[in-house]
Amino acid sequence: LECCAAIGVEPAACAYVGDAPTDGEAARAAGMRAIGVSWGAHAREKVAPAFDVVCDDVPELRAALGL
């Protein structure tokens with residue numbers, strides 16, 4: 001949220017990418033889009049409920065980010 005304030009961007013216009021369920025919780029608490037990745041420390045099944053979308057590889061992540 002401090003970064004958003006510093007650059008003048010609303011949290012709703014941002015995406016938070018993480019690999020742990022707590023990352024998804026933090027993204028939602030901040031009002032950001034929650035994007036999970038399945039190649040981190042947690043199994044996809046653990047990560048999925050905490051995120052809006054879970055990506056299995058970098059091309060999927062790029063697409064989810066609109067890149």
Any hit, the range 5-20, residues being of a type outside the set (Ser, Thr, Tyr) and touching a His at 6+ places or on another chain (Cβ under 8 Å): yes
The range 50-67 residues that are more than 16 Å from Met32 (Cβ to Cβ), paired with ones that are of a type in the set (D, E, K, R) (beta carbon under 9 Å, 6 or more apart): Asp56/Arg44
Matching residues in the range 5-16 - criterion: being assigned to a helix (DSSP H, G or I) and open to solvent by less than 50 Å² (accessible area, probe 1.4 Å): Pro11
Inter-residue pairs, beta-carbon under 9 Å, first among the polar types (S, T, N, Q) and in the range 6-25, second at pLDDT 95 or above, 6+ apart: Thr22/Ala50
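Tell me, which residue of the range 17-67 that is part of a strand (DSSP E or B), open to solvent by 30 Å² or more (accessible area, probe 1.4 Å) and among the hydrophobic types (A, V, I, L, M, F, W, C) is farthest from Ala5 (Cα to Cα)? Let's see the steps before the verdict.
Initial filter on the range 17-67 (part of a strand (DSSP E or B)): 17-18, 33-37, 53-55.
Checking the rest, the ones that are also open to solvent by 30 Å² or more (accessible area, probe 1.4 Å) come to 17, 33, 53.
The next check asks that each one be among the hydrophobic types (A, V, I, L, M, F, W, C); those that pass are 17, 53.
Details: Val17: 18, Val53: 25 Å.
Within the range 17-67, the match that is farthest from Ala5 (Cα to Cα) is Val53.
The values are calculated or read from the model by the stated rules, or taken from the named source; none is laboratory data. Because the structure is a prediction, the values reported are computed rather than measured. Cβ coordinates were reconstructed from backbone atoms using ideal geometry, including for glycine residues, and neighbour counts include every protein chain displayed. Surface accessibility is based on the protein's heavy atoms, side chains included, excluding ligands, DNA and RNA. Shrake-Rupley method; radii C 1.70, N 1.55, O 1.52, S 1.80 Å.
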